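**Student:** One structure is given below, represented as structure tokens, and several questions about it will come after.
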Amino acid sequence: MKTYWQWLTNFAGPDAGKIILTAFLSALGALIVGLVAATITTWLGIWRDQKAEERKRLRTEKHAAALLCSTLDLFINECLDGAIDSGVLDANLHLTPRTPYPVLAYQKEVDWTCIDEGLMYSAFRLLGEVDSGRRAVEWEALTSEPPGKTSLFEERIIRISEGGLRASMLLADVKKTYGISAQDRSNVDLVQVLATTIAKTDERRRSRKEAEARKRIAEALLQGTPVPEPQTDATRRVIEALLQQTKPQGQS
């Protein structure tokens, strides 16, 4: 039995066989080249489409992040103004703010599906924290006597500074993640400034409350009325010291 190779050799021997075999091989080569070319063309097309889609996605992400940064920038500016607002006396000699309470509202054009889910959660959480701070200030305004007294502005400064502090931290994260060039504050450490404002205001509030407590305790002891329940360790020490001073000599 002849092998396939022997048959092919015999077939290619005559001129007609050579012509047919050459034509067949040429057609096969052209087919292979065409398939390779088509494959490469298809792959290049897919690659170009993927690159175009990636560029479009990056532009959309940058746009959404830029809108978010601009909103946070403006909000932080308002918080910085509110953090140094010590108020002004109105016609009725009531202390009133010089600046409005900062409002945080994201632009409706922000495509949140393009924002990192962790940053998106922080942004939405910040909305709730700012609203909670505003309601705490409103409650302080309703319960403080007389209207516009020091405690209201202490609460206001602390709540506004807390909102600005959290917004500053979120802004830094968004800028780092998406490479956004937001408002230049390289000469100011926002986190340090706002954190220091919170700490100092809170310390002044504690000192004021303890001074007021000492005054009430002293008045109660002088009038012989029940001593107010101590609220802190400091006022408890004040009560003990005042009671010791009011005891007759020789008693311990």
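No value in this document is a laboratory result; all are computed from the given coordinates. Note that the coordinates shown come from a computational prediction; the quantities given were computed from them, not determined experimentally. When we count neighbours, we look across all protein chains shown, and the Cβ atoms used for this are built from the backbone with ideal geometry, even at glycine.
**Student:** With each pseudo-label sitting 7 Å past Cα toward Cβ, what's the LYS209-ILE40 distance in nm, one decimal?
**Tutor:** Rounded to a tenth, the inter-label distance reads 7.8 nm.
**Student:** Next question, about the same structure. Would you mind computing, in nm to one decimal, how far apart the modelled labels at ASP189 and ILE84 are, each placed 7 Å from Cα along Cα→Cβ?
**Tutor:** Going by the 7 Å Cα→Cβ label model, 1.8 nm.
**Student:** Considering the zone a paramagnetic label at TRP112 would reach in this model (a point 7 Å from Cα along the Cα-to-Cβ line), which residues of segment 64-82 have amide N under 13 Å from it?
**Tutor:** Output list for this probe position: empty.
**Student:** Show me 119-127, 60-68 ranked by packing, highest mean number of other Cβ atoms within 10 Å first.
**Tutor:** Values: 119-127: 15.3, 60-68: 18.0.
Order by mean packing, descending: 60-68, 119-127.
**Student:** Now for a different question. If I model a spin label at THR60 and ARG98 as a point 7 Å from the Cα along the Cα→Cβ vector, what separation in nanometres do I get?
**Tutor:** That separation, rounded to one decimal, is 4.6 nm.
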